[in-house]
1. At a 10 Å Cβ-Cβ cut-off, how would you order LYS80, LYS86, LYS40, fewest neighbours first?
2. For the stretch 85-130, what are the per-bin percents of Cα-Cα distances with bins 10 Å wide, up to the bin holding the maximum?
3. Among PHE102, PHE87, PHE65, which one moves the most in a GNM of the chain with springs linking Cα atoms closer than 10 Å?
4. How big is the chain along each principal axis, measuring the range of its Cα positions in Å and listing the largest first?
5. Please report the relative contact order for the chain, taking Cα pairs under 8 Å with a sequence separation of at least 6, and give it as a percent rounded to a whole number.
6. Quote the charge dipole size of the chain about the Cα centre in Debye, to the nearest 20; the model charges only the Cβ of Lys and Arg (+1) and of Asp and Glu (-1).
7. Ranking MET115, MET37 by Cβ neighbours within 10 Å, fewest first, what do you get?
8. State the answer as a single residue: which of LEU28, THR83, CYS63 lies farthest towards the positive end of the charge dipole of the stretch 24-122, with beta carbon charges of +1 for Lys and Arg and -1 for Asp and Glu, about the Cα centre.
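Values in this text are rule-based calculations from the coordinates and carry no lab data. Computed from a predicted structure; not experimentally measured. Counting neighbours? That spans all protein chains shown, and the Cβs are built from the backbone with ideal geometry, glycine included.
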Amino acid sequence: MKLISRSKTCSGLTLIEVTLVIAVLLGLIGVIFVGVMAYKEGANRSMCIQNMASVQKAMRSYCNFYELNPGDAIVDLHGKVITQAKFFSYEPQCPSGGTYTFSDGTVPVVGALFMSCSINDHIPAATGGW
């Protein structure tokens, strides 16, 4: 009878291999986290610009309904468009935490923003169609 000698070897990962796997996973998680944050800020910027466009169109509708022309003096146009005319159920808020300012006193000319955000990145590129 022949005896076959087999040595037992344990298959597994060394401490260095485990450390490298964890480092690679943490690196991937970090890259994904940065990408998600950039995506979220882009979505907040788009929502802010959409809020400005909606308010601009509501202001134009209000002015057309009451036959107000650009440059006409009007008191509290902001209050008349947002709260009294019932175009919005609540006043829009910037999703990134910026504050909106309104140009009251006169009806703005076409292309001039009626509402602007305090965050400089949230300025729309073109407002001609609003």
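1. Details: LYS80 18, LYS86 9, LYS40 12.
Listing LYS80, LYS86, LYS40 from fewest to most nearby Cβ atoms yields LYS86, LYS40, LYS80.
2. Bins of 10 Å from zero give 22, 50, 28 percent of pairs.
3. PHE65
4. Reported extents, whole Å, longest axis first: 111, 25, 23.
5. Relative contact order of the chain: 25 percent.
6. It works out to roughly 1040 debye.
7. Values: MET115 21, MET37 10.
The most exposed by this proxy come first: MET37, MET115.
8. Comparing the listed Cα positions along the dipole, LEU28 ranks first.
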